[in-house]
Structure formats: C-alpha cells, structure tokens
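Below: the structure, in structure tokens.
The values are calculated or read from the model by the stated rules, or taken from the named source; none is laboratory data. Every value quoted in this text rests on a predicted model; they were computed, and no experiment measured them. Every residue, glycine among them, receives a Cβ derived from its backbone with ideal geometry; neighbour counts consider all protein chains shown.
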Amino acid sequence: AKSDAYAVAKLRAAKAISLGKTNLHEFAYGATGENEVYGTCVNAYDPTRLAGGSSSGSAAAVAFGLIPAALGTDTGGSVRAPAALNGLVGLKPTIGRVPTAGVVPYCWTLDHVGLMTRTIADCADLLHIVAGYDPSDPASANRPVDNYSEALGQDIPGLRIGIPKNFYYERADDQILAALESVKEYLVTAGAMLVPVAFPDMEHSRTVSLTVQMPEALSAHSAYVQERGHLYGADFRAGLALGQCILAEHYVKAKRFVEVYRQETNKLFDGVDLILTPATPEIAQKVGTVKVTRNGVNEAIGNAITRYTTFFNMTGHPALTMPCAMHSEGLPIGLQLVGRYFDEMTVLRAAHAIERSGRFSIPLPKLGM
C-alpha cells in the first residue's frame with residue numbers, strides 16, 4: 001500500500017499505534033472467517049468454533065486481549081457478526097459516516113467501515129476519531145461529527161424501542177431468544193417503551209443483497225481475474241463466477257429493491273427511536289460447519305451467521321451488536337440495536353445503559369485453552 005486508508009490516517013493523527021493487519025475471510029467474501037491461504041481464526045471462547053467473518057482476525061485480536069480495538073469492513077455483517085460471536089461490541093455506522101477511501105472495495109453499494117471494541121465507551125471514542133468527510137469518497141457524508149461520548153451515562157426513560165413482528169425473532173436458538181426477552185424486560189424497567197414494528201417482506205432480502213454484491217465484487221477484481229485468478233481461493237473464485245452469471249436486469253432490479261428497503265425501513269423510525277433484534281440466530285458453530293438446521297430448515301452457515309445483519313447494510317442504518325448473555329455451551333450471545341440515519345448517539349446511549357446495568361456482562365475468554 002502506498003497510503004493509509006482514511007480511517008487509519010485519522011487514527012495515526014490521534015496518536016493511535018497500528019499493530020498491523022489481521023486475518024480475514026479472503027477479500028472480505030464470507031461470514032465464517034475460514035481462509036485456506038492464511039489459515040482460519042478461531043473463536044476466543046472455544047478454539048473448535050468459528051470466529052465469524054469476514055473480519056475474523058479483528059474480532060479474535062480484540063477478544064483475546066491483544067489490542068483494545070480494531071477496524072473491519074461490514075458489507076453484510078462482517079463486523080457485527082464476528083463481534084457478537086466473540087463477545088464484543090461491533091458497530092456499523094451509518095453508511096457514509098466513516099469514509100471508505102483507501103479500503104479495498106468489495107461492494108461499493110453496501111460496504112461500511114466498522115469498529116470492534118470491548119466496551120461501549122471505547123466504541124464511542126473510536127467512532128469520534130474515524131468519523132468524518134472525505135471528498136475523494138463519493139459515498140462519504142458531509143455532516144458534522146458528534147461527540148459520541150456525550151451519549152454515555154444518559155438514562156433511557158421514554159425511549160421507544162421497536163420490536164420486529166416478523167423475520168428477526170424467527171428460526172433462532174431458544175437461548176438467544178430467552179436472552180433477548182431478558183433485555184426487553186430490563187429496557188421496560190429502565191423506562192423505555194417497547195413498540196411492535198413490521199418490516200417489509202424479507203423473504204428475498206438475502207438474494208437481493210447477493211445480486212448486488214457479486215457483480216460489484218467482480219467489477220472490483222476483474223482487472224486481476226484473468227492474469228492472477230489462480231491466486232484466489234476456491235470460494236472467492238466461485239463467487240466471482242456467480243457475478244458473471246448475474247444479468248444487468250437482475251442487478252438493476254436488486255438495486256431498486258434496496259431503495260424500497262431503505263424507504264420502508266426509514267418509515268419505521270417515525271414511530272420508534274431504535275430497533276432491537278438478536279445479533280445472530282445461532283451461536284458460533286464448529287470450524288468446518290457447512291449448514292445448520294433450525295426448525296426443520298437447512299441453511300448455509302454463512303447465511304445463518306449474517307441473517308439478522310445483512311438487511312441493514314442495504315438500508316444503511318447504524319447498527320451495533322453487543323454481548324447480552326452466555327449460552328449453555330459457553331459461547332456469547334449478542335443483541336443488535338439499530339438507529340436512525342446518523343443517530344449513532346442514541347444507539348450508543350441505549351447500548352451503554354444496557355452495559356452499565358451490569359445484568360448482561362459476560363466473562364472474558366479463558367486464554368491458553
């Protein structure tokens with residue numbers, strides 16, 4: 001690299017010390033973190049389990065205590081999902097809030113720069129540093145940057161929390177659903193109001209996301225595929241091949257779906273301040289897992305890991321995952337909070353209230369397993 005990405009340059013200017021690059025699912029294509037070239041990062045709580053992806057190395061490094069914070073990219077949940085599986089805070093800010101200048105692109109429409117930390121306070125401080133405007137990035141938002149730490153410590157009486165009536169509490173581990181019920185009970189006792197909300201039809205949302213992702217990934221890598229295609233891993237080559245099979249008509253229709261998703265989801269925030277969902281429907285699965293079965297439905301492991309996160313890359317709303325319980329198998333369970341565009345302050349305010357209540361803290365991983 002001949003220059004730093006915008007976010008890295010901002011961190012260097014703030015006297016942060018970069019310890020280097022971490023492992024990831026190759027070119028950010030995949031939700032498991034499995035990498036046939038450099039090896040696979042394992043979960044901090046169980047070395048036989050997946051760390052999640054694509055930003056697996058960032059999650060593992062923070063969870064194992066090697067670093068206090070890390071960056072990653074989030075195109076369908078690649079920051080939030082591994083953060084949730086490793087008991088961390090993972091934030092995908094509003095699209096355009098953190099410029100993607102200097103980031104190797106995967107999917108321009110859906111790519112976000114995201115953050116992983118151990119605490120909400122660290123997340124707020126880190127976001128204040130890396131948020132901003134870069135005119136070289138067409139997707140960058142020219143808006144003032146909030147002092148996000150000011151959101152911390154505020155109470156939440158009167159805060160309206162949307163609880164989805166469809167999709168987001170379906171086909172999930174019973175212990176994950178039970179953990180979210182405990183979070184809801186706390187929010188009510190803290191003075192928040194739970195409001196049912198209905199999302200647009202989500203049946204084809206994963207297909208829409210992939211129909212946008214794969215042609216854009218192919219476009220980003222097309223200059224290298226013919227000359228150096230043999231250097232790509234098998235799963236990424238398969239994805240690029242899929243991108244070649246998607247017609248322009250399909251891509252355009254998918255982009256129109258994305259716009260509808262954005263408009264319909266934005267309307268939900270007329271009646272609520274935040275939306276609460278589980279972070280993932282499953283806990284971290286064994287390394288090498290291909291499919292999971294839940295309620296009689298078989299699902300590819302990558303789809304399962306990101307089933308609750310992918311949609312908000314299409315809508316672009318800020319979304320944060322954080323730990324809220326431990327599963328009986330000794331693995332973290334996470335929740336997800338979603339806010340209005342550029343209202344990371346409210347997301348962090350509610351997340352910090354949950355964290356400081358002390359009811360949802362989880363133990364650190366035991367090193368040297």
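Identify, by number, the condition in (1) in contact (Cβ under 8 Å) with a residue 40 or more places away in the chain; (2) surrounded by fewer than 24 Cβ atoms within 10 Å (Cβ to Cβ); (3) of a type outside the set (A, V, I, L, M, F, W, C) that Tyr45 doesn't meet.
(2)
Output the residues belonging to region 138-163 that are of a type in the set (A, V, I, L, M), in contact with a strand residue (DSSP E or B) (Cβ under 6 Å, 6 or more places away or on another chain) and surrounded by fewer than 19 Cβ atoms within 10 Å (Cβ to Cβ).
Ile163
Evaluate region 266-281: report whether one residue or more is within 30 Å of Glu344 (Cβ to Cβ), surrounded by fewer than 16 Cβ atoms within 10 Å (Cβ to Cβ) and either in contact (Cβ under 8 Å) with a residue 12 or more places away in the chain or within 20 Å of the chain's Cα centre (by Cα) (or both).
Within region 266-281, one or more residues are within 30 Å of Glu344 (Cβ to Cβ), surrounded by fewer than 16 Cβ atoms within 10 Å (Cβ to Cβ) and either in contact (Cβ under 8 Å) with a residue 12 or more places away in the chain or within 20 Å of the chain's Cα centre (by Cα) (or both).
Let me spell it out: the conditions are (1) in a helix (DSSP H, G or I); (2) charged (D, E, K, R); (3) in contact (Cβ under 8 Å) with a residue 24 or more places away in the chain, and Glu185 meets all of them except one. Which number is the exception?
Single failed check for Glu185: (3).
When you go through Met322, Met345, Met326 one by one, which is the residue that is surrounded by 24 or more Cβ atoms within 10 Å (Cβ to Cβ) and modelled with pLDDT of 95 or more?
Of the residues listed, the single one that is surrounded by 24 or more Cβ atoms within 10 Å (Cβ to Cβ) and modelled with pLDDT of 95 or more is Met322.
For Leu66, state whether it is closer than 17 Å to Ala319 by Cβ and among the hydrophobic types (A, V, I, L, M, F, W, C).
The answer is no for Leu66.
Restricting to region 6-37, name every residue that is in contact (Cβ under 8 Å) with a residue 40 or more places away in the chain and loosely packed, with under 11 Cβ neighbours inside 10 Å.
Scanning region 6-37 gives Leu19, Val37.
What pairs come out if I take residues in region 72-94 that are closer than 20 Å to Asp343 by Cα and of a type in the set (Phe, Trp, Tyr) and pair them with residues that are assigned to a helix (DSSP H, G or I) and modelled with pLDDT under 95 whose C-beta lies under 7 Å away, six or more apart or interchain?
Every condition considered, no pair remains.
Quickly run through region 231-266 and pick out the residues that are of a type in the set (Val, Ile, Thr) and either in contact with a His (Cβ under 7 Å, 6 or more places away or on another chain) or modelled with pLDDT under 90 (or both).
The one that is of a type in the set (Val, Ile, Thr) and either in contact with a His (Cβ under 7 Å, 6 or more places away or on another chain) or modelled with pLDDT under 90 (or both): Thr265.
Which condition does Ala139 not pass, out of (1) modelled with pLDDT of 95 or more; (2) hydrophobic (A, V, I, L, M, F, W, C); (3) closer than 30 Å to Tyr232 by Cα, if it passes all the others?
(1)
Can you tell me which residue is nearest to the chain's Cα centre (by Cα) among those in region 9-56 that are more than 26 Å from Asp134 (Cα to Cα) and in a helix (DSSP H, G or I)?
Ser56
Looking only at region 57-76, count every residue that is in a loop (DSSP other than H, G, I, E, B) and either out of contact with any Lys or Arg (no Cβ under 8 Å at 6 or more places or on another chain) or of a type in the set (Lys, Arg) (or both) and tell me the total.
6
Counting only residues that are outside any strand (DSSP E or B) and aliphatic (A, V, I, L, M), which one in region 195-213 is nearest to Asn266 (Cα to Cα)?
Restricting to residues being outside any strand (DSSP E or B) and aliphatic (A, V, I, L, M), the top hit is Ala198.
From Lys366, Lys253, grab the single residue that is outside any loop (DSSP other than H, G, I, E, B) and among the basic types (Lys, Arg).
Going through Lys366, Lys253 in turn, just one is outside any loop (DSSP other than H, G, I, E, B) and among the basic types (Lys, Arg): Lys253.
Touching a residue at least 12 places away in the same chain (Cβ under 8 Å) and touching a strand residue (DSSP E or B) at 6+ places or on another chain (Cβ under 6 Å): does that describe Val62?
Spelling it out, Val62 is indeed touching a residue at least 12 places away in the same chain (Cβ under 8 Å) and touching a strand residue (DSSP E or B) at 6+ places or on another chain (Cβ under 6 Å).
Is there a residue in region 167-176 that is out of contact with any Pro (no Cβ under 9 Å at 6 or more places or on another chain), part of a helix (DSSP H, G or I) and either in contact (Cβ under 8 Å) with a residue 60 or more places away in the chain or crowded, with 17+ Cβ neighbours inside 10 Å (or both)?
Checking region 167-176: at least one residue is out of contact with any Pro (no Cβ under 9 Å at 6 or more places or on another chain), part of a helix (DSSP H, G or I) and either in contact (Cβ under 8 Å) with a residue 60 or more places away in the chain or crowded, with 17+ Cβ neighbours inside 10 Å (or both).
Scan the strands (runs of 3 or more DSSP E) fully inside region 267-362 and keep the ones with 3 or more residues being over 25 Å from Ser56 (Cβ atoms), in contact with a Gly (Cβ under 8 Å, 6 or more places away or on another chain) and not basic (Lys, Arg). Write out each step before concluding.
Numbers: elements: 274-278, 291-294, 297-300, 319-326, 332-339.
Filter on region 267-362 gives 274-278.
State all residues of region 84-104 that are in a helix (DSSP H, G or I) and under 24 Å from Thr265 (Cα atoms); if no residue qualifies, say none. Full working, then the answer.
First, the residues of region 84-104 that are in a helix (DSSP H, G or I): 84-85.
Correct list: Ala84 only.
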